[in-house]
Every structure is written in C-alpha cells, then in structure tokens.
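The structure appears right after this line, and notes come after that.
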Protein chains: 2
Amino acid sequence: MATSTSASPAVSFDTHPDRYQHWKLAFDGPVATLSMDVKEDAGLSPDYKLKLNSYDLGVDIELADAIQRLRFEHPEVRAVIVTSLKERIFCAGANIFMLRGSSHAWKVNFCKFTNETRLGMEDASENSGIKFVAALNGICAGGGYELALACDEIVLVDDSNSAVSLPETPLLAVLPGTGGLTRLVDKRMVRRDLADVFSTLVEGVKGKRAVEWRLVDAVYPATRFKAAVREHAQKLAGKSDRPANEKGIVLNALNPKVTDDAVEYSTVSLQIDRSRRVATVTVRAPEGQLPNTPQAIHAAGDQFWPLRAFRELDDAILRLRQQEPEIGVIVFKTTGDPAKVLEAYRILREHRNHWLAREIINFMKRTLKRVDLTARSLFAIIEPGNAFAGSLFELALAADRQYMLDDPDQRNTVQLSEMNAGPLPMSNGLTRLKVRFLAEPSKVDDALVHGKPFGPQEAMDAGLVSFAPDELDWDDEVRLAIEGRAAFSPDALTGMEANLRFAGPETMETKIFGRLSAWQNWIFQRPNAVGPKGALTTYGSNERAEFDYGRT
Amino acid sequence: MATSTSASPAVSFDTHPDRYQHWKLAFDGPVATLSMDVKEDAGLSPDYKLKLNSYDLGVDIELADAIQRLRFEHPEVRAVIVTSLKERIFCAGANIFMLRGSSHAWKVNFCKFTNETRLGMEDASENSGIKFVAALNGICAGGGYELALACDEIVLVDDSNSAVSLPETPLLAVLPGTGGLTRLVDKRMVRRDLADVFSTLVEGVKGKRAVEWRLVDAVYPATRFKAAVREHAQKLAGKSDRPANEKGIVLNALNPKVTDDAVEYSTVSLQIDRSRRVATVTVRAPEGQLPNTPQAIHAAGDQFWPLRAFRELDDAILRLRQQEPEIGVIVFKTTGDPAKVLEAYRILREHRNHWLAREIINFMKRTLKRVDLTARSLFAIIEPGNAFAGSLFELALAADRQYMLDDPDQRNTVQLSEMNAGPLPMSNGLTRLKVRFLAEPSKVDDALVHGKPFGPQEAMDAGLVSFAPDELDWDDEVRLAIEGRAAFSPDALTGMEANLRFAGPETMETKIFGRLSAWQNWIFQRPNAVGPKGALTTYGSNERAEFDYGRT
C-alpha cells in the first residue's frame, strides 16, 4: 500500500528569534511579551495562506523555541504576555486549509507537537516560575483559545467584536485537538453543560458572560486593556521564584551531520535502517572533567553534557516522528562510562535549586515524556560497554521492553540513582519505576537502595529488564523480537502501547493524550470530517457538508 | 449518505435462562456455576458460526441476563464459577467473522455492551457480594481472557494445551476491545514490559509463567483442577456479605408495546421522531401506595416502581443505541408527582442495607452510567408537571444540558434528595453534582441542604439547569437547540461529549471507555485492520494481510 506521508513537507525544528517569521519576542525586565504576527505567505507549504493569525507546524515550532529560550536564555523573565500584533484578531487557530491538505499522520503528529508545546508552557509555570497571561486583543477561536487555555490567566478585551470560541465541532466536524475540551472542564472547571453549549457556539462567548462561565478570568474595555494586562502580568510575576540577577546561557544550534541514513550529533547517533523499519538511537556518556559548580555549569552552558545529550535526543525523536513515519521500532543503546553519567546527574541533583540545574532537569523530564508519547515501539538493548545508569536508565525504563545480554565473559551492568526516584516523572505524575512496579511497590525501594550495579541476573530478579538471553541466544532473540515487532500492524501497536505505557493514575496531561487525542484521531478519519462531503473538506467552498447521521 | 447499519440484525435484550442457547446456569448452595457452551449455529446472524466458544452480541446478552438474575433472583449465591463445557477450550473470544461482517457502528456498540457487562461483574463483586472465579479449563484467547480478567480470580488448568492470550494485535491488527489492556496493567498490575510481550504472543502464556507474570492467580493439573476451583470459589464466597436465608424475586419480561415510532412500557415511554432525529424518553412517577418495608418491597418484586422504572429506562436506552443509530438527540422528560418519587427513594435509602434495596440502588446506578456512556446528545426538558426529583433528577444531571421553563403562571420545580449525594456515582467515582461543580464544591452542599423545591430562577442561581427561558421564548429556544444539535456531525459530537461528560478523576472504568475504547474505535476504521488487505479482512483466508507501515 502507499505510504501515508505524501505531501508532507520536510521540517526542521531548529530556529532562532532572529529568524522567527511569526512571533516577536520583547523584554521589559521580568515581563516578556510574545506577540503572534503570523506571516500569511510563510507557511510550511505554499498550498495555504496563514490568514488571521492561523497557524501550522512552522508557527508552533517557533513558539516552542521561544519558550525554550525564555527558560534558558532569560532567567530574569517571570511572566510572559502572549498576545497578537494583528488588529481585532488574537488567533484563528490551526489553519483549516493546512489540515484539509494534510495526511492523517501529519494531522496526528501536528496535534501531538502542539499539545507538547502547550503542556510545556504549563510545566514552565508550575516548575520553572514562568507565568503566562493570554492577552486576547481580538477574536480568539479554536486553537487560538486552546493556546490561551494553556496560560495561567486569560484576559479578554471587552468590545463588540472579541470573543473566545471553540467552533471545531459545529463548523468543521472535528474536535478542538490541542487539549481544549479537557482544559475547559478539568483545568478551568467550566460547568459541563456550559462547556457543552460553548463548544457548539460558532460565534463563541464574549464579555461578562465569558467571565461568568469561567472561560476567561477578566474582561476590560479597549481603553484599559493594555494597562490591565500589564497589571495581571506583574501580579503573576510576583508569584515567581526565578532568580533576580542571573544571566542566561545561549542555546546554540545543534548542527548534526545529516546523511541519508544517519544523523550524527555530538553525543547522540541516530541510525536508520529503512528496509528493516528500525532506527537505533545511541547516547554516549560524557568524557573528561565535568563542571561541578553552578558557575562552571553556567560557563559550560549548552555544552554541559546532560543538556547537550538531551537536546540531541529530543531532536532525534522529533526527526524520527516527523520524517521517518515507516520506522516502527526505535532501539535505544548507550555507550561509555556509566560512572560519568552518574557523576553528571549527581552534580545536577546537588545544585537542583539553582535555576539552570532546575531547567536542565525539567528539560530532561520533558524529553523523556516525549519518548513515552512517541508512537513507535521502543526497545532498550543493554550490552557490555553500555551506560544505562541513572537518568539514562530512564530511557530503558521508557522502553516497551529491555533486553540485557548475559554473557559470563563480559561485564554488563545497569545502575540506578536518585534520578530514578522522583525528578523525572511520567505524564501521569509517577516515576517510571513506580509504574513498572504498581503490583509490588516495595520493589521500587529495593531497586533504589541496591546502591551498586546490577548484573544481568540481578537485573532480572529485580524486575528491571524483560529478558537476559545468554551469548548463544542473544543475536537471534533480539533480531527476531525486532523483526517480529516491525511486522505487526503499526496502528494496533500504537493503540496497544498507548494503553500499556500509562498504568496508574490519570492527569490532565494523560487525559489529553489518551482520551482526547484518541477521539480526535478517530474523528480525523471519519468521512463526516474528511470524506468528499465532510465538513473539513467542504469548509470555505460553496458546498455544504453532508453527514451520515449514524451515531457511533 | 447511506446509513452505517446495513446488515445489523434486530436484537432483543430480553431473555431468560429457560431460553439460553449458550450458557448453563447451575446452583449448589452459595456457589453457582455459569458454563459457556456456545451453540455454533445460533449466532445472531447466519453469516458466521460461533465455533470454539466464540461469541457475538447474543451470547453476551445471555451473560448479562444471567448476572442480573444472580443478583435479583438468587440472593443466596456468593460466588460464581465461570467456566466452559467444551473440551480443551474455555473461550476463543469475540467471533472474528462476526466482527469482519459488521459495520463500524455495530462493532463499537458491541464492544460497549460487552464492556458494560464485564464492569457489571466487577460491580457485583465490589458492591453486591457476588465473587467470580474464572475456571479456565482450556484455551482462553482474546475476549475469553478479557472475560476472565473481569473475574476476581483466574485459575488455569496446567496441561500442555491451555494458555491465556491476547492475540488481537499480532493476529488481527486490532486491540483487545473489552478492557483487556487496561485490566492487564491497571487491575492485575502486570509489569508493563511483560504485558507488552504477552499482548504480542499469539500462542499466549501458560503454566507457571502465567502465574509469575500475574496473568492468572493459580494453575492446577487437570486431575486437581475441579476441586481446586471449588476451593477458590468457597474461599471467595466466605468474603461475601450476601444474606443467608433470603429468597429472590422474579424478573419478569418487560413486554412493552412496540409500534413503529414508539415503545410503551408501564412507567416509561419512548417516542421516536426519525425525521428530526430526536427521541423522547418520558419517565412517569409512581402512583398510589408504595411498599415501605423490606417484606412489602420483596412482595412487590419487579413491580416496585424504582426497579420497574429503571429496568424500562435501561431497555429503552439499549434499544435506542442498537436499533436507532440515526437518532442524534435524546430528550429526557418526567411526569407525575415528584413527592412520590422522593418517597420511593426515601424508602430505598431507609432499607439500603437490605439486600434487595441494595440491588435496586446498584441497578439504578448502572443504568445511569449506561446513560452517561450513550453516544447521543442528551437534553433534559423540565416543564410544569415534571417529576425531576431525587434520582430522577440524576437523569437531568446526566444530560448534556437542562432546559427549564420559567412561566410565572405555572409552577415548575426540581428537587434534590440524598440520592443525589452519593449512592449513584458516575464511572469516575464522583456524583454528578460533584462533577458539575468541580470549580465550586460548596455549591454541591448548598444545593443538597436547600431541602425544598427549586423554582426556575432558583435552579439557575444554584447552577442546576443551563437555561430557563420564559414562556414566550421557550418553544423556539428548545426547538432550535434540538434542531441545531441534530444537524451537527454525529462523530464530532460523540467525541466532544465523551470528553466533556467525565471531568475530574479517572478510574479503570473511565480508562476503558475513554482511552481504550477510543483507540479501539480508531483502529476499527484503519485500513490495516478493515481495508481490503487488512488483517481482520484476510483472517482465515488464504491471503496474507498487507500493511501500510506508516506509524501514526
């Protein structure tokens, strides 16, 4: 069968404020302003125009980059005003013509990345002291309102024009795909009948009613709007614990060496075997002396190994998701000295109250969540010479399975550290160890207090790996497992993995990716949305949508 | 467009042990045995044969009936052995040829009903003291193992043949659709990597390994199997709080009067307006003297109004789901004396520790959950003469919106009672009032202590209804709301309602219906499963499935 990736433009996740086409970033002491000013003709594809501050993946890559730089390059920023430079329009949401022209896989990946960006804003608020005010200076529809929902506060201008709305269901026969419905009832706790009404009102809700229904926090007349937004931002900034007189570090471009079947970063290698539908991601442990004071870490900046390695890992995962849809299995490997890995993380832990160490740990956490949410089968292959220790062992725990070679002639170990005990939780709020041992919580503590490397049989006994074949069986067993996996239906695997990876409690985050995204993916395939007479297909044309009214 | 219900056989949910074709129910004091013995040629459609104890909706309707009768007709039963009368086979799961020949809507509805039946077994264990042992006397695959997972304990015969398995993903490119993946990791807390391995092993897992992986609770050799199962059942029976010397009541057939556009029960009317795609369900309050002692309730049996009304409501909802796919909006109305409704529930509350009152309350709870999970838009229309009080007001709270007429010339009220305060929780474990007022929990108590009827403006102020139009606007506003709703894409509405109805915490139950079912619905549309070369299509033929390997 044909692949489902036709017409997907190639995408780079590397950008810089100097090159932003759609956002302006301005600073005024502790308050930054991030203004949307989408350039109509600068979409990722020439097939659509990004009118009315509507967005595509390219616009969102700049947003994600801006937030990442606010974290690392601007420790003085405590509050961010998110607003628009367009008259009477804040944001019209995801571009409908882009959605219409996209493959199913593109739509799903686009929603996943935009969801991660918005959850990243909420993470910045909760864990990094960067608070967000959505300053809605005009119409705020669909994905525009979902962006506002990701902010701590929403302020709307009170004029005859400006409203918030989620018109996806009545207008396009799809769902607000970026967490909107979940945030309505779970974050803003809008009464469910009012949320129901709101989600079917094309024209949305404005003014006092928007406040009464909890859709926005405040409305102000146009004359007072800017001053009021500033007051909200300053008040939020007062709740931040960011440092007063620190300088940021610079996030330089990663500049990996890209060839047809490999991407080589400084500490990460990505190798792609398209014929077997397998990619191998290898992370190398640090070498040499590590900086071990906040000052030295700051001086090392983006070259400090944990930040460098996880930025490269993050980029590798995003590339695989976006450019390599037919890769079914991602194999994680590590090499180098595990003691160095543990040392790097011990340093981070020691200085975790320093803003930069905190940002690095939080970034590692978000990268590992990105791994958990990647719709590919993940296998950790643990061989002699590996560096699966501490946080790198989280990569093994994020995998669907762990294979560890048990060869009496070669030392092969894994090791835990405090980094496995809390700082890197999954989306459901639990550590990967806790999710692994839901049935036997004492095994979490047993593994953590072990305090030394686990050999293959010890790792098996402790429940830390799935299989430990000996040297006679190793090659065949691993090869067959990967080949077998790559041969299964990718859709069934995606659904299976999404259900098995997240045992235990659910959070707003897991609800967004589990419940809301799954329903949206379903709807994104339904003829009522995407068929020849579907609402997404006929939107903006002279034709009216025609529906099969069978309820399912 | 064509409806999506072609080739769906008409279904009745009314059955009786005397007419079971697929199950045998036997009694031995406190232990009942429910044996699966599926009649190959007695499927709902002649297009497939129910070989190897595979099942279709008809088999599951009998199972649901058996469990309902164990609750009401056999209060002496404390443990149920679920087993098979076939040699070397417990159950092969849902019939694949049935699934292949079914419309998307049929598959989705089939999974929903089977999920409700299995969750009903868990409810019987938790809340009614009926414990279940799955006695796996042979191969137990797919839906067969999912049925076992719904039991309190799973006992497997240890021979060379018998294994448990979830072969859906590797064999059919779909998911185990009846809660299997969720129960694996959330109920039995199987380690996620082992769950991953298990869910891709066509041949499954047997013997000691099945115990080690927590897939079953015990294995016994064939010679000891029956005796061991009996011991497990007796031990579980010992944990039950069911009464010792009580007689059951009889659940008689409902026998409604069915015409082309109406179903008339004794206390419920269902009217169907297919041209407007609207059904109206009207529940009538009781009349005359109500029984008010356990003895009198027992004597009234299935004619006691709460049981009668909710059995009829349950049947009406199931009919609408199964036979009327194009009905988009269900309007709930009530008539009669609300004081009588409150009295009926006061009596039930007073005797809630009596086994029969407990069963009735639990059944009301399950029926209301069935309403919550119904993929139709639900509007409560509250007019003068209504009986929306106490538990009937739960029906209004289950609705997506509440419209209440505010006409100064006509008295129109709603009223709460203790039945709104706890005994009838949603699938997420919260009362509908708590979910409604997540943002302002004090409003729950305010509404509950009010202690008298709410007029339209009082109900608006208390947040109990969405709109209270006056007599001039009423007809148009209600009509336009219903017409507008019925015109939207049914798929987008299904997804929207599934996300807005269940704010707050998630439970295994909401995970099954929200996360797992949503993914399964997605996969049930994907060409890799149901396309001309999909695995569900080619299963059992000479053709091999061909997959589009693009991961999504």
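A few remarks follow.
- Hits in the stretch B:420-445 - residues which are closer than 25 Å to B:A344 by Cβ and either at pLDDT below 95 or in a loop (DSSP other than H, G, I, E, B) (or both): B:A421, B:G422, B:P423, B:L424, B:P425, B:M426, B:S427, B:L430, B:T431
- Here A:E76 fulfils each of the conditions (1) in contact with a Gly (Cβ under 9 Å, 6 or more places away or on another chain); (2) open to solvent by less than 20 Å² (accessible area, probe 1.4 Å); (3) part of a loop (DSSP other than H, G, I, E, B) apart from (2).
- Residues being assigned to a strand (DSSP E or B) and of a type in the set (V, I, T) - total across the stretch B:339-381: 1
- Index of the failed condition, A:L318 passing every other in (1) farther than 22 Å from A:I249 by Cα; (2) touching a strand residue (DSSP E or B) at 6+ places or on another chain (Cβ under 7 Å): (2)
- The number of residues in the stretch A:429-477 being small (G, A, S), touching a helix residue (DSSP H, G or I) at 6+ places or on another chain (Cβ under 8 Å) and farther than 15 Å from A:I381 by Cβ comes to 3.
- Scan of the stretch B:361-396 for residues that are small (G, A, S) and open to solvent by 10 Å² or more (accessible area, probe 1.4 Å), ordered by number: B:A375, B:G385
- Verdict on B:K434 being farther than 25 Å from B:G328 by Cα, within 10 Å of chain A (Cβ to nearest Cβ) and open to solvent by 30 Å² or more (accessible area, probe 1.4 Å): no
- The requirement of being open to solvent by less than 30 Å² (accessible area, probe 1.4 Å) and under 21 Å from A:W355 (Cα atoms) is not satisfied by A:A244.
- The stretch B:134-238 holds helices (runs of 4 or more DSSP H) entirely within its bounds, and those carrying 3 or more residues that are at pLDDT 95 or above and within 30 Å of A:T431 (Cβ to Cβ) map to B:143-149, B:192-198, B:207-212.
- Residue within the stretch B:51-73 that is surrounded by fewer than 19 Cβ atoms within 10 Å (Cβ to Cβ), without any contact (Cβ under 8 Å) to a residue 12 or more places away in the chain and more than 17 Å from B:E146 (Cα to Cα) present: no
- Number of the condition not met by A:V202 [criteria: (1) surrounded by 15 or more Cβ atoms within 10 Å (Cβ to Cβ); (2) within 14 Å of chain B (Cβ to nearest Cβ)]: (1)
- Hits in the stretch B:531-552 (condition: free of Cβ contacts under 8 Å to residues at least 24 places away in the same chain, in contact with a helix residue (DSSP H, G or I) (Cβ under 7 Å, 6 or more places away or on another chain) and open to solvent by less than 70 Å² (accessible area, probe 1.4 Å)): B:G531, B:D548, B:Y549, B:G550, B:R551, B:T552
- Looking only at residues of the stretch B:505-547 that are touching a Ser or Thr at 6+ places or on another chain (Cβ under 6 Å) and in a loop (DSSP other than H, G, I, E, B), we find that the one that is nearest to the other protein chains (Cβ to nearest Cβ) is B:F547.
- Taking the numbered list (1) in a helix (DSSP H, G or I); (2) closer than 28 Å to B:D159 by Cβ in turn, B:R100 passes all entries but (2).
- Residue check, B:R411 at pLDDT 95 or above, within 30 Å of B:R277 (Cβ to Cβ) and not aliphatic (A, V, I, L, M): no
- Cross-chain or 6+ apart pairs with Cβ under 8 Å, the stretch A:157-177 first and more than 9 Å from every other protein chain (Cβ to nearest Cβ) and crowded, with 23+ Cβ neighbours inside 10 Å, then part of a loop (DSSP other than H, G, I, E, B) and of a type in the set (A, V, I, L, M): A:V164/A:L215; A:V164/A:V216; A:S165/A:L201; A:S165/A:V202
- Of the residues making up the stretch B:279-297, those that are open to solvent by less than 50 Å² (accessible area, probe 1.4 Å) and in contact (Cβ under 8 Å) with a residue 24 or more places away in the chain are B:A279, B:T280, B:V281, B:T282, B:V283, B:A285, B:P286, B:L290, B:P291, B:P294, B:I297.
- Residue in the stretch A:467-476 that is within 12 Å of chain B (Cβ to nearest Cβ), surrounded by 13 or more Cβ atoms within 10 Å (Cβ to Cβ) and in a loop (DSSP other than H, G, I, E, B) present: no
- Summed over the stretch A:228-241, residues that are farther than 30 Å from A:A296 by Cβ and either in contact with a His (Cβ under 8 Å, 6 or more places away or on another chain) or open to solvent by 60 Å² or more (accessible area, probe 1.4 Å) (or both) total 6.
- Qualifying positions in the stretch A:319-338 - within 14 Å of chain B (Cβ to nearest Cβ) and outside any strand (DSSP E or B): A:R319, A:L320, A:R321, A:Q322, A:Q323, A:E324, A:P325, A:E326, A:I327, A:G328
- Residue within the stretch A:26-42 that is under 21 Å from the mean Cα position of the chain (by Cα), surrounded by fewer than 23 Cβ atoms within 10 Å (Cβ to Cβ) and either under 28 Å from A:V258 (Cα atoms) or among the polar types (S, T, N, Q) (or both) present: no
- Looking only at the stretch B:489-504, and only at residues there that are in a loop (DSSP other than H, G, I, E, B) and touching a residue at least 24 places away in the same chain (Cβ under 8 Å), the one that is surrounded by the fewest Cβ atoms within 10 Å (Cβ to Cβ): B:G504
- Subset of the stretch A:249-270 [assigned to a strand (DSSP E or B), of a type in the set (V, I, T) and surrounded by fewer than 19 Cβ atoms within 10 Å (Cβ to Cβ)]: A:V258, A:T259
The values are calculated or read from the model by the stated rules, or taken from the named source; none is laboratory data. The structure displayed is predicted, hence computed values, not measured ones. Here the Cβ is made from the backbone with ideal geometry for all residues, glycine too, and neighbour counts use every protein chain on show. The accessibility values were calculated without ligands, DNA or RNA, using every heavy atom of the protein model including side chains. Shrake-Rupley method; radii C 1.70, N 1.55, O 1.52, S 1.80 Å.
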